[in-house]
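For reference, the structure is listed below as structure tokens.
Coordinate-derived values only; no laboratory data. Since we're looking at a predicted model, the values are computed, not measured.
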Amino acid sequence: MEASATLRNIRISAKKMGPVLKLVRGRSLNQALAQLRFTPRKGAKILQKVMESARANAFEKQIDVDNLKVKTVFVNKGPTMFRIMTRQRGMAHRIQKRMSHVTVVLED
């Protein structure tokens, strides 16, 4: 059986989230959480919360949480917020604040 969790509109770009996802893909849930606990990146903390949410969803579905394995984990682009940064001589540049969506699927 499978259990999944999705976190949407996270204020981190999909590009920065990608390397963190590679650390946990295919591992057991306990190994993945241990790996994330010692990874000093913003995305690691976010992914850890999503994985713990997926574990809680598995518990609610009566799935044995000790044997869970990360089946798939992926990130999609979310909406982009545009901000203006004032520049010299009355000009302005656009700054893009990118967001992403993270999905984790666990299986026993």
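Calculated [222 nm] ellipticity per residue, helices only, for the chain: -11500 deg cm²/dmol; basis is -39500 (n - 2.57) per DSSP H run with n ≥ 4, divided by all residues, nearest 500. How big is the Rg/Rh ratio for segment 30-75, C-alpha atoms only, Rh by Kirkwood, two decimals? So for segment 30-75, dividing Rg by the Kirkwood Rh gives 0.97. Along segment 11-17 the Karplus relation, 6.51 cos²θ - 1.76 cosθ + 1.60 evaluated at θ = phi - 60°, assigns HN-Hα couplings of 7, 8, 6, 5, 5, 7, 7 Hz to successive residues, with x for each Gly and Pro. Against the main long axis of the alpha-carbon atoms of the chain, helix 42-60 sits at an angle near 40°.
For segment 1-90, the calculated P(r) over all alpha carbon pairs, in 5 Å bins from 0 to the bin holding the longest distance, is 2, 13, 23, 21, 15, 9, 6, 4, 3, 2, 2, 1, 0 percent. Summary value for the chain: 43 percent relative contact order, contacts being C-alpha pairs under 8 angstrom separated by 6+ residues.
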